[in-house]
Every structure is written in structure tokens, then in C-alpha cells.
Amino acid sequence: MTDLKEQEDIFNLIGSNLKKKLKCFVIGGSAMLYYKLKDATKDVDIVLSNENDRQYILKFMKNLGYVERNPKILYINKKNVPILLQRGENRFDLFNRIIINLRFSDGMVDRSQLIYEYGNLIANVASPEDIIILKCATDRAGDRIDAASIIKNTNVNWDILFQESISQMTLVGDVIPLNLYQFLLELKEDLKVEIPDDLIKKLENECEEILIKKLKQGKTVKVTKYKK
């Protein structure tokens, strides 16, 4: 487990070894540390803007003693998995703009307004809303608990969640509103998280329209059945 101090120590170590300025985006539990929504995280999740940047930071992290591991251990049956690095108890996930089936969009970039500088490493922290929607993609153990904590302790802008799920379809071609609908429904029914009924209904209506349109086009949609 890595707490905020340890994470910042690692960022400082990386930033002091980089030879040029490098921007990254901090997501997941790593981002929650900055909002004081979590005491520690199992892995440090960062998104790089392109593959060149990812390979650049990968090279320096390997020089610092990080070892590459098989990401399929954690991301079972997932596409666009990160480069997984580990040194001792510290684990890093390096994504290249695509996080499983979501893209770190221009909107997400603009909403990452909490910025920290660690030498040549510039860490932009994802917004609470974007942390939630990205957790729909990673779908790892604890993601729903993390999302519940964000909703309970921050003033979530629900419109951002809805609009981002719609815009993601044009970026990645997946039915993201359906994923978000199922994710939020589980939070509401299983974890008793207060989520506006009108948002659930709005997502439900949007999903129905999308599915009807795709069926008329002769396309199929893979749906994960929600289990109570």
C-alpha cells in the first residue's frame, strides 16, 4: 500500500531523474489521496499523453529498479491494459491515454485543475467526476467502494458524468452510458449510495435509445447482466 507521502516521494524521485518536463494525469486511488478521500492505495495509476511519453518514463523507472510485470494478473480479460511496474511494495500502472475502454478525453484534461510539480514531473490530478467514470472501465476490487466514498464526500457534478459518458461513445465506440448506468445502479442498490433518481432514469432512457438504434442497424451490443 502507498500513502500520499510515499507517492509524492516516488514522484519526486522520478521527477528528479527525468531530463525533460513530462506531464502525467493521476487517476484512481492515487488521485483520491490528494482529495483526502483515501489513506492509501494499492497501486499508483497515471496516464501519459502518448506512447513516447510512456516509454520515456518507463525507461527511467526501470533504471530506478522498477520491474515490469504481466498486467493480465490484475486486468483479467481487459483490453488496453497498462504497463505494470513494481518495486518492493510499490506498484505503478502506466496508461497511454486509453484506460481499458475509455479515453482520457480533452474534457478530462481540462478538468484536471489540481496540479503538482515534482521536479520535471508535472502531475495533473483527475477531477472527482472523472475518477468515478474511469472506475467503470477498470472495474477492479474496491472500485465501487472508492466511487461510493467520492460521492459521499464531494459535491459531484452529475451532469459531467452524464455528458462525459455520451462523448466517450464518439471517442471509443463503446456503449459507455450503459456501463455507467450499471455501475451507478449497483452503488445505489447494493451500497445504498445517494444517487439522483433522475440521473438513473436519464441514463436508462439514453441506453434504450442507443440500443434500439444499434439493433435497427443490425449491430449487437455486449451487455453484462446486472445481478442484485
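We did not get these values from a lab; they are worked out from the coordinates using the rules stated. If you're wondering where the values come from, they're calculated on a predicted model, not measured in any experiment. Here the Cβ is made from the backbone with ideal geometry for all residues, glycine too, and neighbour counts use every protein chain on show.
To the nearest 0.05, how large is the calculated FRET efficiency for Leu13 and Asn155 if R₀ is 25 Å and r is the Cβ-Cβ distance? For R0 = 25 Å, the calculated efficiency reads 0.15.
Bridgeable aspartates and glutamates around Lys152 (alpha carbons under 13 Å apart, same-chain partners fewer than 8 residues away excluded): Glu129, Glu194. Beta bridges from DSSP with both residues in segment 2-216: antiparallel share about 70 percent, rounded to the nearest 5. Arranged from fewest to most other beta-carbon atoms within 10 Å of their beta carbon, Leu114, Leu121 become Leu114, Leu121. For segment 1-109, the list of GluC sites (Glu not before Pro) that fall in a loop by DSSP and count at most 14 other C-beta atoms within 10 angstrom reads Glu89. Take the residue pairs Lys42/Lys72; Lys21/Lys59; Lys38/Lys79 and return only those whose Cα atoms are more than 19 Å apart. Checking Cα-Cα distances, Lys38/Lys79 exceed 19 Å. Note on segment 2-216: dipole from Cβ charges, positive end direction compared against Thr170, Val81, Thr154; the farthest Cα belongs to Val81. In this simple spin-label model, placing a label point 7 Å from the Cα along the Cα-to-Cβ direction at both Glu89 and Glu6 gives a separation of 0.4 nm.
Full extension of the chain between Ile145 and Lys79 yields a length gain of 21.5 nm, computed as 0.36 nm times the residue separation minus the alpha carbon distance. Take the alpha carbon gyration tensor of segment 13-99, find the square roots of its eigenvalues, order them as a ≥ b ≥ c, and report rounded if a/c is under 1.5; if not, report prolate when a/b exceeds b/c, else oblate. Verdict is rounded for segment 13-99.
Each residue of segment 99-116 was assigned a 3J(HN,Hα) from its phi angle through the Karplus curve 6.51 cos²θ - 1.76 cosθ + 1.60 (θ = phi - 60°); the sequence is 10, 6, 10, 10, 10, 6, 6, 4, x, 5, 4, 5, 7, 7, 9, 8, 10, 10 Hz, with glycine and proline shown as x. As a length-normalised measure over Cα pairs under 8 Å and 6 or more apart, the relative contact order of segment 2-216 settles at 19 percent.
Residues Lys79, Lys21, ranked from the fewest to the most other C-beta atoms within 10 Å, line up as Lys79, Lys21.
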